[in-house]
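Peer 1: Below you will find the structure I want to go over with you.
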Amino acid sequence: MTIDYVEHVRSASDALVAAASSVPLDTLVPTCPGWTVADLLDHVGRTHRWAAANIRSGERVTFREIDGPGDEGPLAFARNAADDLVAALRATDPTLPGWHFAATEQVRGFWFRRQAVETLVHRVDAERAAGVETPIDPSLAADGIDEALDVIATRMLAGRDGVDLGGSVHVHCTDVEGEWTFRTDDGVYQLHRGHAKGDAALRGPAASILLVLWQRLPADDASLERFGDTDLVDRWLALRPTP
């Protein structure tokens with residue numbers, strides 16, 4: 001099944017702004033320690049503007065080049081930035097060459113999945129701040145797991161030679177197809193897609209696993225099963241920064 005990333009960006013952005021609009025801007029975001037809802041809107045808006053600028057130019061635009069809300073205000077800024085990103089995604093050919101930050105083929109199509117998952121995760125942040133919860137599409141969640149364990153993990157470990165989890169971790173979605181096993185050996189990261197046996201296992205709905213990998217849900221959440229050397233999972237999560 002083909003995932004409509006642009007529609008996911010659109011719907012997650014709308015839900016994010018709706019949740020943020022329902023609480024004061026100085027409300028703390030529990031999943032992003034130290035952030036308020038205003039900080040979250042600033043970050044998401046700037047990220048959307050940054051991605052749109054890179055999509056349109058094909059050349060590298062740094063995040064620090066993107067201005068924040070200013071007189072526009074956080075809510076309008078986030079709403080307008082999402083509109084800008086959606087327009088850029090709809091107007092671009094994903095096969096065109098274009099800079100992005102990952103060690104994968106440098107094409108503009110990279111930004112489609114990246115921004116769909118980014119916006120989804122921050123939608124969850126806004127909803128947690130507002131005390132609401134809406135369903136997560138399991139297909140997008142599984143795709144986000146694949147991104148987290150492939151693209152993001154490789155970037156996360158760059159320059160960290162010598163990191164060794166001490167074993168392998170098997171990740172298994174129970175509501176959609178998706179299985180991965182990963183390990184680190186002296187800083188060399190290895191990922192295998194498909195069924196395999198790991199020294200530890202994390203099993204459950206794709207949405208729960210995705211939120212664990214992005215540190216929005218504890219690995220011992222009741223929706224998940226853990227087997228084997230569960231300290232391996234904790235050591236992996238400790239390598240990830242938040243947000």
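Peer 1: Rounded to the nearest 0.05, what FRET efficiency do Glu65 and Asp26 give with R0 = 30 Å and r taken as the Cβ-Cβ distance? Could you check?
Peer 2: Calculated value: 0.65.
Peer 1: Pick from Val117, Val37, Val176 the residue whose mean-square fluctuation is largest in a GNM of the chain, springs joining Cα atoms under 10 Å.
Peer 2: Val176
Peer 1: Starting from the Kirkwood Rh over alpha-carbon pairs, what translational D in µm² s⁻¹ does the stretch 5-130 have by Stokes-Einstein at 25 °C and 0.890 mPa s?
Peer 2: 169 µm²/s
Peer 1: If you don't mind, there's one more thing I want to ask. Gain in length, Thr95 to Asp161, computed as 0.36 nm per residue apart minus the alpha-carbon separation, to one decimal in nm?
Peer 2: Using 0.36 nm per residue and subtracting the Cα-Cα distance, I get 20.5 nm.
Peer 1: Counting only other residues whose beta carbon sits under 14 Å from that of Ala201, what net charge do I get with K and R as +1, D and E as -1?
Peer 2: My count for the surroundings of Ala201 gives -3.
Peer 1: Per the helix-only calculation at 222 nm, which mean residue ellipticity applies to the chain, given -39500 (n - 2.57) for every DSSP H run of n ≥ 4 and division by its residues, nearest 500 deg cm²/dmol?
Peer 2: Computed mean residue ellipticity for the chain: -14000 deg cm²/dmol.
Peer 1: Assuming R0 = 41 Å, what is the FRET efficiency of Ala103 and Val132, from their Cβ-Cβ distance, to the nearest 0.05?
Peer 2: That gives a FRET efficiency of 0.65.
Peer 1: Can you give the FRET efficiency to the nearest 0.05 for Lys197 and Thr154, using r as the Cβ-Cβ distance and R₀ = 25 Å?
Peer 2: 0.60
Peer 1: How compact is the chain by the rule of thumb for globular proteins, expressed as Cα Rg over 2.2 N^0.38 Å?
Peer 2: 1.01
Peer 1: How much of the DSSP beta bridge set in the stretch 133-243 is antiparallel, as a percent to the nearest 5?
Peer 2: So the antiparallel bridges amount to about 75 percent of the total.
Peer 1: Could you work out the longest stretch of the chain that avoids the GluC sites (Glu not before Pro) located in DSSP loops with at most 11 other Cβ atoms within 10 Å?
Peer 2: Between exposed loop sites, the widest span is 178-243.
Peer 1: Among DSSP bridges having both ends in the chain, what percentage is antiparallel? Round to the nearest 5.
Peer 2: 75 percent
Peer 1: For a distance above 18 Å, tell me the whole-number percent of Cα pairs in the stretch 159-238 that qualify.
Peer 2: When every Cα pair of the stretch 159-238 is considered, 37 percent fall beyond 18 Å.
Peer 1: While we're here: Charges only on Cβ, +1 for Lys and Arg, -1 for Asp and Glu: so what's the dipole of the stretch 5-130 about the Cα centre, in debye to the nearest 20?
Peer 2: For the stretch 5-130, the charge dipole is close to 340 debye.
Taken together, the values in this text are just the output of simple stated rules run on the coordinates, not laboratory data. Note that the structure is a prediction, hence the values are computed from the model and not measured. Here Cβ is always computed from backbone atoms with ideal geometry, including for glycine, and neighbour counts include all displayed protein chains.
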